[in-house]
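**Q** One structure follows; several queries about it will come next.
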Amino acid sequence: MVISENKTVTINYTLKNDSGKVLDSSSKEGFSYIHGKGHLISGLEKELEGKKPGDKFHTEIDPKDGYGEYKDSYVFSVSKEKFDDIGQLKIGSRFRAQTNEGEKIITVKHIEKERVTIDMNHPLAGQTLFFDIEVMDVRDSNKNEPEK
(Lines give C-alpha, C1' and ligand atoms only; values in the text may rest on other atoms or scores of the structure.)
Protein backbone atom coordinates (compact mmCIF):
# COMPACT_ATOMS: atom_id res chain seq x y z
CA MET A 1 0.00 0.00 0.00
CA VAL A 2 1.32 3.46 -0.88
CA ILE A 3 0.91 6.74 0.96
CA SER A 4 -2.08 8.69 -0.28
CA GLU A 5 -4.85 10.85 1.14
CA ASN A 6 -6.65 9.48 4.22
CA LYS A 7 -4.12 6.68 4.80
CA THR A 8 -2.72 6.29 8.30
CA VAL A 9 1.05 6.51 7.96
CA THR A 10 3.80 5.73 10.46
CA ILE A 11 7.29 7.10 9.82
CA ASN A 12 10.57 7.36 11.62
CA TYR A 13 12.27 10.70 11.01
CA THR A 14 15.23 12.80 11.99
CA LEU A 15 15.11 16.53 11.32
CA LYS A 16 18.37 18.50 11.03
CA ASN A 17 19.26 22.09 10.23
CA ASP A 18 21.76 23.15 7.56
CA SER A 19 24.71 22.67 9.93
CA GLY A 20 23.68 19.08 10.69
CA LYS A 21 22.34 19.70 14.20
CA VAL A 22 19.47 17.36 15.09
CA LEU A 23 16.39 19.48 15.83
CA ASP A 24 13.82 16.71 16.31
CA SER A 25 13.27 13.00 15.79
CA SER A 26 10.53 10.46 16.22
CA SER A 27 10.39 7.93 19.02
CA LYS A 28 11.30 4.29 18.41
CA GLU A 29 7.61 3.57 17.76
CA GLY A 30 7.59 6.19 15.02
CA PHE A 31 5.25 9.07 14.32
CA SER A 32 1.76 8.30 13.01
CA TYR A 33 -0.60 10.67 11.22
CA ILE A 34 -3.42 10.65 8.68
CA HIS A 35 -2.07 11.75 5.31
CA GLY A 36 -3.62 14.73 3.56
CA LYS A 37 -5.09 16.34 6.68
CA GLY A 38 -2.42 19.04 7.15
CA HIS A 39 -0.67 17.40 10.10
CA LEU A 40 2.74 17.75 8.45
CA ILE A 41 4.42 20.67 6.75
CA SER A 42 3.31 20.74 3.12
CA GLY A 43 6.75 19.99 1.66
CA LEU A 44 7.18 16.83 3.71
CA GLU A 45 3.69 15.63 2.93
CA LYS A 46 4.39 16.07 -0.81
CA GLU A 47 7.64 14.11 -0.48
CA LEU A 48 5.87 11.23 1.28
CA GLU A 49 3.10 10.92 -1.32
CA GLY A 50 3.38 7.59 -3.15
CA LYS A 51 5.99 6.09 -0.81
CA LYS A 52 5.49 2.63 0.71
CA PRO A 53 6.62 0.75 3.84
CA GLY A 54 10.36 0.13 3.79
CA ASP A 55 11.17 3.23 1.74
CA LYS A 56 14.04 5.28 3.19
CA PHE A 57 15.02 8.67 1.84
CA HIS A 58 16.57 12.06 2.55
CA THR A 59 14.83 15.27 1.58
CA GLU A 60 15.41 19.00 1.89
CA ILE A 61 12.39 21.22 2.46
CA ASP A 62 12.63 24.90 1.50
CA PRO A 63 11.23 27.45 3.97
CA LYS A 64 8.19 28.20 1.77
CA ASP A 65 7.19 24.51 2.00
CA GLY A 66 8.17 24.24 5.66
CA TYR A 67 7.43 26.83 8.31
CA GLY A 68 7.46 29.80 5.96
CA GLU A 69 9.87 32.62 5.29
CA TYR A 70 11.02 34.71 8.23
CA LYS A 71 8.92 37.90 8.41
CA ASP A 72 10.42 40.97 10.08
CA SER A 73 6.88 42.31 10.51
CA TYR A 74 6.24 39.46 12.99
CA VAL A 75 8.74 41.02 15.44
CA PHE A 76 7.29 43.92 17.40
CA SER A 77 6.93 45.51 20.81
CA VAL A 78 3.87 45.24 23.08
CA SER A 79 2.97 46.58 26.49
CA LYS A 80 4.43 44.55 29.34
CA GLU A 81 0.95 44.65 30.92
CA LYS A 82 -0.14 41.98 28.39
CA PHE A 83 2.04 39.55 30.34
CA ASP A 84 0.84 40.41 33.85
CA ASP A 85 -0.79 36.99 34.36
CA ILE A 86 2.30 35.06 33.17
CA GLY A 87 4.49 35.43 36.24
CA GLN A 88 8.23 35.79 35.71
CA LEU A 89 8.93 36.75 32.13
CA LYS A 90 12.28 35.74 30.60
CA ILE A 91 13.99 36.24 27.26
CA GLY A 92 13.45 33.10 25.22
CA SER A 93 10.13 32.22 26.90
CA ARG A 94 7.58 30.83 24.44
CA PHE A 95 3.81 31.14 24.59
CA ARG A 96 0.85 30.20 22.43
CA ALA A 97 -1.27 33.14 21.35
CA GLN A 98 -4.43 33.44 19.29
CA THR A 99 -3.92 35.90 16.41
CA ASN A 100 -5.82 37.01 13.30
CA GLU A 101 -3.86 34.28 11.46
CA GLY A 102 -4.73 31.54 13.96
CA GLU A 103 -2.70 30.17 16.84
CA LYS A 104 0.97 31.23 16.85
CA ILE A 105 3.92 30.49 19.09
CA ILE A 106 5.42 33.74 20.29
CA THR A 107 8.94 34.06 21.61
CA VAL A 108 10.07 36.81 23.99
CA LYS A 109 13.09 38.53 22.40
CA HIS A 110 13.69 41.56 24.62
CA ILE A 111 12.28 42.95 27.87
CA GLU A 112 12.30 46.60 28.83
CA LYS A 113 10.74 48.40 31.77
CA GLU A 114 7.31 48.81 30.14
CA ARG A 115 7.63 47.02 26.76
CA VAL A 116 8.30 43.47 25.58
CA THR A 117 9.59 42.63 22.10
CA ILE A 118 8.04 39.43 20.78
CA ASP A 119 8.60 37.33 17.67
CA MET A 120 5.59 35.55 16.14
CA ASN A 121 7.65 33.70 13.51
CA HIS A 122 7.77 29.93 13.96
CA PRO A 123 11.16 29.03 15.50
CA LEU A 124 12.07 27.23 12.23
CA ALA A 125 10.79 29.97 9.88
CA GLY A 126 13.27 30.86 7.17
CA GLN A 127 15.25 27.63 7.56
CA THR A 128 15.80 24.85 5.06
CA LEU A 129 14.88 21.60 6.80
CA PHE A 130 16.75 18.33 6.23
CA PHE A 131 14.83 15.11 6.91
CA ASP A 132 15.92 11.49 6.97
CA ILE A 133 12.75 9.41 6.66
CA GLU A 134 11.84 5.75 6.91
CA VAL A 135 8.28 4.72 6.06
CA MET A 136 7.30 2.07 8.60
CA ASP A 137 3.63 1.46 7.87
CA VAL A 138 0.79 2.57 5.61
CA ARG A 139 -2.76 1.39 6.18
CA ASP A 140 -6.36 2.36 5.64
CA SER A 141 -7.54 4.77 8.32
CA ASN A 142 -10.09 3.55 10.81
CA LYS A 143 -13.19 5.76 10.70
CA ASN A 144 -13.11 6.01 14.50
CA GLU A 145 -9.48 7.04 14.92
CA PRO A 146 -8.84 10.70 15.69
CA GLU A 147 -7.32 12.92 13.02
CA LYS A 148 -4.21 13.81 15.03
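The values are calculated or read from the model by the stated rules, or taken from the named source; none is laboratory data. On a predicted model such as this, the values are computed, not experimentally measured, just so you know. In this analysis, Cβ positions are derived from the backbone assuming ideal geometry, glycine residues included, and neighbour counts consider all displayed protein chains. When the accessible area is computed, the model is the full protein with side chains, heavy atoms only, and any ligands, DNA or RNA have been set aside. Shrake-Rupley method; radii C 1.70, N 1.55, O 1.52, S 1.80 Å.
**Q** ILE106: assigned to a strand (DSSP E or B), of a type in the set (A, V, I, L, M, F, W, C), within 19 Å of the chain's Cα centre (by Cα) and farther than 30 Å from LYS143 by Cα, yes or no?
**A** The answer is yes for ILE106.
**Q** So PHE95 clears everything in (1) more than 14 Å from the chain's Cα centre (by Cα); (2) assigned to a strand (DSSP E or B); (3) within 25 Å of MET1 (Cβ to Cβ) except one condition, right? Which one?
**A** The one condition PHE95 does not meet is (3).
**Q** Related question: Hey, could you check segment 43-61 for residues that are open to solvent by 40 Å² or more (accessible area, probe 1.4 Å), of a type outside the set (D, E, K, R) and in contact with an Asp or Glu (Cβ under 7 Å, 6 or more places away or on another chain) and say which is nearest to GLY126 (Cα to Cα)?
**A** HIS58
**Q** In the list SER79, SER27, which residue meets the criterion of being hydroxyl-bearing (Ser, Thr, Tyr), surrounded by fewer than 11 Cβ atoms within 10 Å (Cβ to Cβ), farther than 25 Å from LYS109 by Cα and at pLDDT below 95?
**A** Just a single option satisfies the conditions, and that option is SER27.
**Q** Restricting the search to segment 125-148, which residues are within 17 Å of TYR70 (Cα to Cα) and open to solvent by less than 30 Å² (accessible area, probe 1.4 Å)?
**A** Passing the criteria: ALA125, LEU129.
**Q** Moving to a separate point now. What is the one condition in (1) open to solvent by 40 Å² or more (accessible area, probe 1.4 Å); (2) assigned to a loop (DSSP other than H, G, I, E, B) that LEU89 does not satisfy?
**A** The failed condition is (1).
**Q** Do we find a residue being under 21 Å from LYS37 (Cα atoms), open to solvent by 40 Å² or more (accessible area, probe 1.4 Å) and not in a strand (DSSP E or B) anywhere in segment 109-117?
**A** no
**Q** Ok, one more. Does segment 1-24 hold any residues that are loosely packed, with under 15 Cβ neighbours inside 10 Å and under 23 Å from GLU69 (Cα atoms), and which are they?
**A** Result: ASN17, ASP18, SER19, GLY20, LYS21, VAL22, LEU23, ASP24.
**Q** Tally up the residues in segment 1-44 that are within 13 Å of the chain's Cα centre (by Cα), part of a loop (DSSP other than H, G, I, E, B) and of a type in the set (A, V, I, L, M), please.
**A** Residues in segment 1-44 being within 13 Å of the chain's Cα centre (by Cα), part of a loop (DSSP other than H, G, I, E, B) and of a type in the set (A, V, I, L, M): 2 in total.
**Q** Name the single residue, out of those in segment 45-79 being outside any helix (DSSP H, G or I) and among the basic types (Lys, Arg), that is nearest to PHE130 (Cα to Cα).
**A** LYS56
**Q** Which one of these is more than 18 Å from the chain's Cα centre (by Cα) and modelled with pLDDT of 95 or more: THR128, THR117?
**A** THR117
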